[in-house]
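Enquirer: Dumping the structure here so I can ask a few things about it.
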Amino acid sequence: QAQLVESGGGEVQAGGSLRLSCAAPAITFSNYAMGWFRQAPGQEREFVGGISRSGRIINYGDSLKGRSTISRDNAKKSVYLQMNSLKPEDTAVYYCAADLTSSPDRLISRADAYNYWGQGTQVTVSS
């Protein structure tokens, strides 16, 4: 069973919104900080944002700062990425990732810190 499963991707018009979901059915979810990353063709994987185990620490990367909101629901073993005012340059494959950590307030932006990754979901923003 896949540890992480993303959903909610698709095509939207510029200025539109999407909410991505990441379910973690095979993970002791509360033991993980959760991150969202994206990767466009020819580009490096980029930190979109993340949330600590405790939910107290939420950080965003530069690209979607001010246009996105990350939340988690430990009871549902899910993390969410709400994206608004989307632009064509937001087009990318979006990945959910899980960082096993003993620290309730740890949140790392480096991709190599994460233990598990979803398969990715395509987000396409058209003008």
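Enquirer: Which pairs have Cβ atoms under 7 Å, sit 6 or more apart or on different chains, and link a residue in the stretch 77-94 that is closer than 28 Å to SER54 by Cα and basic (Lys, Arg) to one that is in a loop (DSSP other than H, G, I, E, B) and open to solvent by 30 Å² or more (accessible area, probe 1.4 Å)?
Expert: Qualifying pairs under 7 Å: LYS77/PRO25.
Enquirer: Then there's this: Are there strands (runs of 3 or more DSSP E) fully within the stretch 2-51 with at least 3 residues that are surrounded by 13 or more Cβ atoms within 10 Å (Cβ to Cβ) and touching a residue at least 24 places away in the same chain (Cβ under 8 Å)? List them.
Expert: 5-7, 18-23, 32-39, 46-51
Enquirer: Does SER54 qualify as being at pLDDT 95 or above, open to solvent by less than 50 Å² (accessible area, probe 1.4 Å), out of contact with any strand residue (DSSP E or B) (no Cβ under 7 Å at 6 or more places or on another chain) and not aromatic (Phe, Trp, Tyr)? Don't jump to the end; show me each part of the working.
Expert: On the way: at pLDDT 95 or above: yes; open to solvent by less than 50 Å² (accessible area, probe 1.4 Å): yes; out of contact with any strand residue (DSSP E or B) (no Cβ under 7 Å at 6 or more places or on another chain): yes; not aromatic (Phe, Trp, Tyr): yes.
So SER54 fits the description; yes.
Enquirer: Okay, next question. Can you find a residue in the stretch 92-100 that is outside any strand (DSSP E or B) and surrounded by 14 or more Cβ atoms within 10 Å (Cβ to Cβ)?
Expert: No: the stretch 92-100 contains no residue that is outside any strand (DSSP E or B) and surrounded by 14 or more Cβ atoms within 10 Å (Cβ to Cβ).
Enquirer: Of (1) out of contact with any Lys or Arg (no Cβ under 9 Å at 6 or more places or on another chain); (2) in contact (Cβ under 8 Å) with a residue 24 or more places away in the chain; (3) part of a loop (DSSP other than H, G, I, E, B), LEU64 satisfies all except one. Which?
Expert: Result: LEU64 fails condition (1) only.
Enquirer: Give the residue that is surrounded by the most Cβ atoms within 10 Å (Cβ to Cβ), with candidates limited to residues of the stretch 62-91 that are farther than 24 Å from ALA26 by Cβ and among the polar types (S, T, N, Q).
Expert: Here is the first cut: in the stretch 62-91, the residues farther than 24 Å from ALA26 by Cβ are 62-69, 82-91.
Imposing the further condition that a residue be among the polar types (S, T, N, Q) reduces the set to 63, 68-69, 82, 84-85, 91.
Values: SER63: 16, SER68: 22, THR69: 15, GLN82: 15, ASN84: 14, SER85: 13, THR91: 17.
Step by step, filter the stretch 62-91, then rank; the result is SER68.
The values are calculated or read from the model by the stated rules, or taken from the named source; none is laboratory data. Source: prediction; values computed, not measured. Note that we place each Cβ from the backbone using ideal geometry, even for glycine, and neighbour counts take in every protein chain shown. Each accessible area value is taken on the protein alone, full model and side chains, heavy atoms only, with ligands, DNA and RNA left out. Shrake-Rupley method; radii C 1.70, N 1.55, O 1.52, S 1.80 Å.
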